[in-house]
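The values are calculated or read from the model by the stated rules, or taken from the named source; none is laboratory data. Small disclaimer: the values here were computed from a predicted structure and weren't measured. Note that each Cβ is placed from the backbone with ideal geometry, even for glycine, and that neighbours are counted across all protein chains shown. In case anyone asks, the SASA skips ligands and DNA or RNA and just uses the protein heavy atoms, side chains included. Shrake-Rupley method; radii C 1.70, N 1.55, O 1.52, S 1.80 Å.
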Amino acid sequence: MRTTDGARLSASAARKLAQAVPKNSRDARATRWRAYSLWCAEHDWAEDEPHAVTSYLSDLGDRGHPAKTIEAHLGTLRAMRAIDGTPLSGAEVKACQMIINHRAGEEADDPLVEPGPLQADGVVLDELRQMVRTLDRTTKRGKRDAAVLLIDWWMAGRASEPARLNLHDAKITKVRLQDDDGKTVSHPALVIKIRRSKADQKARGQEVHILAPGETELCPIHALREWLDVLADDGQLTAGPLLRRIDRHGNIGARAAGRHTKDPKRRGGITAETVGDIITAAARAAELVPTPSPEEHAAARAAKEEAHAAAAAAETVEEANGILKAWRRQLRADRASVRRITGHSMRRGCIQAMLDSGAPPEAVALHSRHSLRSGAFNAYRRRKVPWNQHPTRSLGITA
């Protein structure tokens, strides 16, 4: 094969270089570059023309895309232009950053929407209990889903992490601890091996240690044992994915009907999307989040179609962008008005619970596989003074 600068590269090396980037990231980058290419063709810009990227990002803001989305587009386009041998100049990068800052200021000044990115809400322990109680834990699916929810929460997992676990990546053991009286006691624990994750692209591997909570209903070790019993009864206590597919007939793993993962080594295992679906379904069953009705889905589709049709019929670009911006503003406001529990909610909830309990941030970051200097970890830390420690209490204003 030939690279963009004309040098030779073996097909094997090219394939591995492409696969070194996670599939979700590859798909997102391809989508952003395709959108940029279409915009350039529509507005008579060359893809490598100076300030084409700046103008495109500005247009995204005019159409109501949030600053975080525009920032993600800049990261992709900057990388792709560098790969193509036409890197953005320092002046262009600075101009793009100013465009993003301008859009962030618009969002902050907009009285109709809450500024900042829409984030998943964290699931607290009591909500986790409610979600688990919606499951029928006498069934194969109920036992598997309980294992998914509880392991994911206690490991502060990303949705992809429990989905990628293999059978021998989760080991039940006992550790020696000191109780409140200073006496050494034996306590059940779970050691989870994460082979590779979003923060560990070099696949060095990380271990997560979980102590069994006192409440059996919320214990990931108890849930794991029940799921392993299901696999043993089905003759599937064999090497392979830990958390496996179950079809409507009760068939497990590779025997289950339906579309399997493309990776033959993961055949029969669940995916990150399955983990997210299990979390969302349990949250809706526990009435922690609303379940959209068919009428609401239809109304949302109709609003989108009407907005794009009106924009296409607009006489000026400014009018068209204003229509799309108003639609996106309303869509964002609608989404922000209800709780959002997604595949990331277990991770957020566990981290917040540990921090709120007074656990040292260093220990929490180690458990959640974060660097203490990570901006993402700081976003999880709710830097607010607890009400019972609020400095205004000393002024004598409380009843």
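Given the structure, is residue 79 modelled with pLDDT under 95 and farther than 23 Å from residue 310 by Cβ? The answer is yes for residue 79. Within the group 336, 303, which residue is hydrophobic (A, V, I, L, M, F, W, C) and either out of contact with any Asp or Glu (no Cβ under 8 Å at 6 or more places or on another chain) or modelled with pLDDT of 90 or more (or both)? The unique qualifying residue is 303. Residue count for region 277-308 under the criterion of being polar (S, T, N, Q) and not in a helix (DSSP H, G or I): the result is 2.
Set side by side, the residues 291, 342, 316, 280 differ, and just one is at pLDDT 95 or above and hydroxyl-bearing (Ser, Thr, Tyr), which is 280. Per the conditions (1) more than 30 Å from residue 126 (Cα to Cα); (2) surrounded by 11 or more Cβ atoms within 10 Å (Cβ to Cβ); (3) not charged (D, E, K, R), the sole criterion not satisfied by residue 346 is (1). Within this structure, residue 121 passes the test of being open to solvent by 40 Å² or more (accessible area, probe 1.4 Å) and closer than 18 Å to residue 368 by Cα.
Residues in region 242-265 that are touching a residue at least 60 places away in the same chain (Cβ under 8 Å) and farther than 25 Å from residue 341 by Cβ were compared, and the one that is surrounded by the most Cβ atoms within 10 Å (Cβ to Cβ) is 252. Close contacts from region 212-241, counting a first residue that is closer than 27 Å to residue 185 by Cα and a second that is in a helix (DSSP H, G or I) and among the polar types (S, T, N, Q), with Cβ to Cβ under 7 Å and a gap of 6+ residues or different chains, come to 222/216. Is region 71-83 home to any residue that is within 20 Å of residue 320 (Cα to Cα), in a helix (DSSP H, G or I) and open to solvent by less than 50 Å² (accessible area, probe 1.4 Å)? Scanning region 71-83 turns up no residue that is within 20 Å of residue 320 (Cα to Cα), in a helix (DSSP H, G or I) and open to solvent by less than 50 Å² (accessible area, probe 1.4 Å). Here the condition is being touching a residue at least 40 places away in the same chain (Cβ under 8 Å), surrounded by 11 or more Cβ atoms within 10 Å (Cβ to Cβ) and charged (D, E, K, R); of 59, 5, it holds for 59 alone. Hey, can you tell me all the residues within region 373-399 that are over 20 Å from residue 346 (Cβ atoms), at pLDDT below 75 and among the hydrophobic types (A, V, I, L, M, F, W, C)? 385, 387, 397, 399 - these are the residues of region 373-399 that are over 20 Å from residue 346 (Cβ atoms), at pLDDT below 75 and among the hydrophobic types (A, V, I, L, M, F, W, C). Yes or no: region 181-196 includes at least one residue that is in contact with a helix residue (DSSP H, G or I) (Cβ under 6 Å, 6 or more places away or on another chain), open to solvent by 20 Å² or more (accessible area, probe 1.4 Å) and of a type in the set (Asp, Glu). Within region 181-196, none of the residues are in contact with a helix residue (DSSP H, G or I) (Cβ under 6 Å, 6 or more places away or on another chain), open to solvent by 20 Å² or more (accessible area, probe 1.4 Å) and of a type in the set (Asp, Glu). Just one of the numbered conditions (1) touching an Asp or Glu at 6+ places or on another chain (Cβ under 7 Å); (2) in contact (Cβ under 8 Å) with a residue 60 or more places away in the chain; (3) on the phi > 0 side of the Ramachandran plot is not true of residue 275: (3). Residues in region 306-343 that are of a type in the set (Val, Ile, Thr) and buried (at least 19 other Cβ atoms within 10 Å of the Cβ): 323, 341. Which ones in region 194-217 are at pLDDT below 95 and among the charged types (D, E, K, R)? Residues satisfying the conditions are 195, 196, 198, 200, 202, 204, 207, 215. Looking at 135, 88, just one residue is closer than 30 Å to residue 214 by Cβ, over 22 Å from the mean Cα position of the chain (by Cα) and either in contact (Cβ under 8 Å) with a residue 12 or more places away in the chain or open to solvent by 80 Å² or more (accessible area, probe 1.4 Å) (or both), and that residue is 135.
Answer yes or no as to whether residue 364 is within 19 Å of residue 122 (Cα to Cα), modelled with pLDDT of 90 or more and hydrophobic (A, V, I, L, M, F, W, C). Against the criterion (within 19 Å of residue 122 (Cα to Cα), modelled with pLDDT of 90 or more and hydrophobic (A, V, I, L, M, F, W, C)), residue 364 qualifies.
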